[in-house]
Amino acid sequence: MAPRNRDDNFMDVDSDSDISMLGDVEHRGKGKGKGKTTDKRKKDKGKAKAKEQAYTWEASYTRSWDTVQEDEAGSLQGAVEDLMARGRRRRLLAPAAAIRRAIIRHLVLLLDLSAAMMDRDMRPTRFDLMLQYAKEFVVEWFDQNPLGQIGVVGMRAGIGERIGEMSGNPQDVLKCLSDRTRLEPTGEPSLQNAIEMARSSMSHLPTHSSREILIIFGSLTTCDPGNIHDTLDACVKNKIRISVVALAAEMKISRDLCDKTGGQFGVAMNEGHFKDILFELVPPPAQRAVVRAGGPGANPAADLMMMGFPTRLPDSSPPSLCACHSDMKNEGFLCPRCMAKVCDVPTDCDICGLMIVSSPHLARSYHHLFPVKPYEAVTSMEGESESTVACHACARMFSTSASTAATSEGISPWGRYRCPDCHNDFCTECDVFVHDVIHCCPGCGK
C-alpha cells in the first residue's frame with residue numbers, strides 16, 4: 001500500500017501542475033520528490049506571467065512598423081504618399097486670405113524644473129525629453145522667425161529662476177539649455193513667480209512686437225505666493241499671449257491662462273504628440289483685430305517702425321569694445337545711427353535704442369505674411385497637352401501611367417501638382433520643398 005500512496009501523492013502534484021509528462025518521468029526516475037517539482041512549477045508560472053505582462057522598460061518600445069502598411073504589390077510608396085498628403089491637406093485647411101501676423105516676436109520659454117519632471121511616463125524622463133524637444137524647438141523657431149528673440153525661465157523650488165536672457169542668437173539659447181547640471185529638477189513649481197519674471201522682462205518692449213510666453217508644465221500643483229488671477233489680469237492688460245503644453249493633465253488655471261490671453265493649450269498624450277503641439281507654436285500667431293475710429297469697415301491700424309541695417313565687420317578688423325558686453329572682439333556689426341558695435345543681430349542698440357536687423361532676416365520673415373498658395377492635385381490627364389512631361393522645378397520626368405494604389409484626398413495618381421497662378425506642374429517632392437523650405441513658387445515667383 002505504501003508504494004500506491006506514494007504514487008497517488010505524486011499524481012496529485014501532476015494534476016495541479018502544468019509540467020509535461022516527460023518532466024514527470026524524469027523527476028520520478030531521479031527521485032527528486034515533491035519539492036523539486038513544486039519549484040519548477042513556480043518557475044514555469046513565473047515565465048508565463050512574464051510573457052503575458054512585460055516589464056515597464058520592455059513594454060515602452062514603439063511598434064513603428066505597425067503604422068506603415070504595404071500595398072498589394074508589397075511596396076511602401078503608398079504609405080509615404082499618404083504621409084505627404086496629410087501635410088498637404090493641412091496646408092489646404094489654412095486660411096487663404098492674408099492674415100496680419102507679428103514678424104518681430106519676443107518669446108519667453110518657461111520650463112517646469114520641479115520634481116514631477118523626473119517621472120518616466122515619457123522616455124527617458126519628462127525632463128530629458130523636454131530639454132531635447134526644447135532645443136529642436138529653438139532651432140526651428142529661429143529658422144522661421146529670424147527677427148525674434150527668446151528668453152528662458154525655470155520653475156523650481158517655488159520660485160522663478162532666470163536661465164537665459166532674451167537673445168536673438170540661437171546659439172546663446174541652446175547653450176543655456178545644454179547645461180543639464182544647472183537645470184536639475186527639484187521642489188515644486190510656481191506659475192505666478194515665473195510668469196511675473198517673464199512679464200517684467202518684456203515690459204519695455206515696443207507695441208509693434210508680439211509678447212509671448214510658452215509654458216511646458218509637467219506638474220499638477222503650483223506653489224504661488226499670491227493670487228495668480230491678478231497676474232493673469234496683468235498679462236491681459238499688457239497684451240501678453242500665454243500658451244501651455246501640459247505633460248500630465250489639464251488644470252483649470254492653465255486653461256484660463258490660455259483662453260483669456262489668446263494662447264493655445266494642449267495636453268501631450270505621448271512623445272510624438274508632445275512634439276506636434278509644441279511645434280504648432282513655431283509660426284507667428286495672428287494679431288488681434290485693432291480698428292481705427294472709422295468703424296469696423298476701416299483698415300486696421302498700422303504702426304510704422306524704424307529699423308537700421310548694420311555694417312558687418314570682418315574677422316580681420318582690429319579688435320574693439322562691443323556696446324552690449326564690453327568685450328574686445330574683431331567681428332561684429334556697426335549701428336548705422338550711432339556707429340556703436342554690437343555682437344549679433346537682430347537686437348536693439350544699447351546706445352541709441354535703434355532696432356538693428358539684417359536684410360536677409362527681414363526677407364525671410366515675409367513668407368508668413370504671404371504664403372505660397374497650395375498646389376492643386378492633377379487627377380485626370382484628359383485635355384492636357386503633351387508638352388508638359390517633366391517637373392518644372394527639377395526636370396524629372398513624370399510617370400506616364402497612373403498609380404494603381406488607392407489614393408486619398410489631396411494625392412495625384414499621376415504625381416503632378418499644379419500652381420493655380422502660373423499653371424506649371426511640379427512633382428511631389430518639389431511640392432513639399434516649395435511649401436516647407438523655400439516658400440516661393442519657382443514658376444511665378446510668388
Only one of Glu212, Glu188 is touching a Gly at 6+ places or on another chain (Cβ under 7 Å) and either crowded, with 17+ Cβ neighbours inside 10 Å or not polar (S, T, N, Q) (or both). Can you tell me which?
Glu188
Taking the residues in the range 123-172 that are without any contact (Cβ under 8 Å) to a residue 40 or more places away in the chain, under 17 Å from Phe274 (Cβ atoms) and open to solvent by less than 30 Å² (accessible area, probe 1.4 Å) as candidates, determine which candidate is nearest to the chain's Cα centre (by Cα).
Val138
So Ser359, is it more than 30 Å from Val432 (Cα to Cα) and open to solvent by 40 Å² or more (accessible area, probe 1.4 Å)
no
Contact list, first residue from the range 223-252 and without any contact (Cβ under 8 Å) to a residue 24 or more places away in the chain, second anywhere and not in a helix (DSSP H, G or I), beta-carbon distance below 9 Å, six or more apart or interchain, is Glu250/Phe265; Glu250/Val267
Mind checking which pairs have a first residue in the range 360-379 that is acidic (Asp, Glu) and a second that is modelled with pLDDT of 75 or more, Cβ under 9 Å, 6 or more apart or different chains?
Glu376/Ser412; Glu376/Tyr417; Glu376/Arg418; Glu376/Cys419; Glu376/Pro420
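The values are calculated or read from the model by the stated rules, or taken from the named source; none is laboratory data. These figures come from a predicted structure and were not determined experimentally. With ideal geometry, Cβ positions are generated from the backbone for all residues, glycine too; neighbour counts draw on all protein chains shown. Heavy atoms of the whole protein, side chains included, go into the accessibility calculation; ligands, DNA and RNA do not. Shrake-Rupley method; radii C 1.70, N 1.55, O 1.52, S 1.80 Å.
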